[in-house]
Amino acid sequence: MNSKAKGNRNELYIANLLSERFGKTFKRVPASGAHGTNLADTEIRQDAKEILSGDIICPADFRFSVEVKSRVNFNFWDLLNKEDTEVDEWIAQAKKEAEISKKDFLLIVRVNNRKPFVIVNDLSPMVVPGVIYKTYDIMRLDYFLEFENSFFFK
């Protein structure tokens, strides 16, 4: 399977997972892949920018812009051993997409044969079962989705 098809499949999986968790509609952005980034400095309506930024179309009151990454493997040790990592690139992209939509970023990473994990801005002072990378929290997606609904919606 090519990487584009795998990415599409994983975005659909995450959209369905979020829809099921929250009982609201989340959909994959059609032909996603930097739509929002390309629209940033255009005169396109703000609501269209919000809809098309990120990889998942979220309910209007959802706090996050969702970016999804898929990898065959991932070495967490690289986060400790390298100054700049692929994760930094992912975070930069997710932050830019979130800025366009005026939301917080939520980066969801699926790695083959592993549970998905999320990277978000620092959740302090919340007690979370995860790790800190620079100023970001990393935790399993299933743990993250256990937070109260009020955390996720404005």
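The values are calculated or read from the model by the stated rules, or taken from the named source; none is laboratory data. The model shown is predicted, which means the values in this text are computed figures rather than measured ones. Because the Cβ atoms are built from the backbone with ideal geometry, glycine has one as well, and the counts that use them run over all protein chains shown. These accessible areas exclude ligands, DNA and RNA; they are computed on the full protein's heavy atoms, side chains included. Shrake-Rupley method; radii C 1.70, N 1.55, O 1.52, S 1.80 Å.
Counting pairs of alpha carbon atoms under 8 Å apart in space and at least six apart in sequence, what relative contact order in percent does region 74-150 give? Don't skip to the end; give the middle numbers.
Working: 77 pairs, mean separation 15.4, N = 77.
Relative CO of region 74-150 lands at 20 percent.
For the chain, what relative contact order do you get, as a whole percent, if you take Cα pairs closer than 8 Å and at least 6 residues apart?
20 percent
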Considering only protein heavy atoms, what per residue accessible area in square angstrom results for the chain with a 1.4 angstrom probe? 57 Å²
How large a share of the accessible area of the chain, in percent, is made up of carbon and sulfur atoms when the probe is 1.4 Å and the other protein chains stay in place? 51 percent
Which one, PHE26, VAL118, PHE105, projects farthest toward the positive side of the charge dipole computed for the chain from Cβ point charges (K/R +1, D/E -1)? PHE26
Here region 10-24 yields Karplus 3J(HN,Hα) values (6.51, -1.76, 1.60; θ = phi - 60°; whole Hz; Gly and Pro given as x) of 6, 5, 4, 4, 5, 4, 5, 4, 5, 4, 5, 4, 9, x, 10
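When DSSP assigns beta bridges and you keep just the ones with both residues in region 66-154, what percent turn out antiparallel, to the nearest 5? Each step should come with its number before you reach the end.
Values: 13 of 19 bridges.
Antiparallel bridges make up about 70 percent of those DSSP assigns within region 66-154.
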The chain, Gaussian network, Cα under 10 Å: of VAL131, VAL109, VAL118, the residue fluctuating most is VAL131
Could you compute the longest span of the chain free of GluC sites (Glu not before Pro) located in DSSP loops and having at most 14 other Cβ atoms within 10 Å, not counting the site residues? 84-145
Would you look at the GNM of the chain, springs on alpha carbons closer than 10 Å, and say which of ILE108, ILE100, ILE119 moves the most? ILE100
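Rg(Cα) of the chain divided by 2.2 N^0.38 Å? Please report the intermediate quantities before stating the final value.
Values: Rg = 14.9 Å, N = 154, 2.2 N^0.38 = 14.9 Å.
Here the Cα radius of gyration is 1.00 times the empirical estimate.
For region 83-145, just say rounded, prolate or oblate: build the C-alpha gyration tensor, square-root its eigenvalues into a ≥ b ≥ c, call rounded for a/c under 1.5, and beyond that prolate if a/b exceeds b/c, oblate if not.
Values: a/c = 1.42, a/b = 1.18, b/c = 1.20.
Here region 83-145 falls in the rounded category.
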In the full protein assembly as shown, how much of LEU12 is accessible to a 1.4 Å probe, in Å² to the nearest 10? 90 Å²
Nearest 20 debye, what's the magnitude of the dipole of the chain about its Cα centre given +1 on Lys and Arg Cβ and -1 on Asp and Glu Cβ? 560 debye
Taking the full set of protein chains and a 1.4 angstrom probe, give the accessible area of TYR13 in square angstrom, rounded to the nearest 10. 100 Å²
Highest-MSF residue in the chain out of LYS49, LYS27, LYS134 [GNM, Cα springs under 10 Å]: LYS134
